[in-house]
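The values are calculated or read from the model by the stated rules, or taken from the named source; none is laboratory data. Just so it is clear, the model here is predicted, and its values are computed rather than measured. Here the Cβ is made from the backbone with ideal geometry for all residues, glycine too, and neighbour counts use every protein chain on show. Note: areas computed on protein heavy atoms with side chains; ligands, DNA, RNA excluded. Shrake-Rupley method; radii C 1.70, N 1.55, O 1.52, S 1.80 Å.
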Amino acid sequence: LLSALNPTLTVLLGDLVNGSGDYTGSDMDDSWFANVWNTFKRTPNLLWVKGNHDIDPGHYEFYDWSEELWSLNIGVFKLVAFDTFDEGRVIRETSHTFISASDTIWLRRRLKEDDRVKIVLAHHLFSQWRPFA
């Protein structure tokens, strides 16, 4: 349906799937992420921001689908995709909001590098990740 509408821009803000945590005892097919992503990637002009549930600890290869951190200049605007989940601090069976120091530095650089109007795209609410920054 979304593809038929031919949107100028579509931004998915994470949690395409519920993959965070441990799949112990699950009979879920390992192709779950590929199936979901192959459906969404047919949408024209699609941008994706990773959510904390879009990672299964046993399948880091899913990051090949998209960059974790990216920015895109469109006219006077700069869209900045910010990852609000640091896989380096994963606590088993949780999906708490954490951000890494390197990601915070990357964000600060993107916000200061030019005079464009910045739009920060993040999966978690600003109030949830700002205290960690």
*Arrange the residues VAL117, VAL36 by how much accessible surface each exposes, largest first, with a 1.4 angstrom probe.*
VAL117, VAL36
*R0 = 41 Å: FRET efficiency of PHE132 with ALA4, Cβ-based, nearest 0.05?*
0.55
*Can you tell me how much longer the chain between PHE77 and GLU113 gets when fully stretched, taken as 0.36 nm per residue apart minus their C-alpha distance, in nm with one decimal?*
11.7 nm
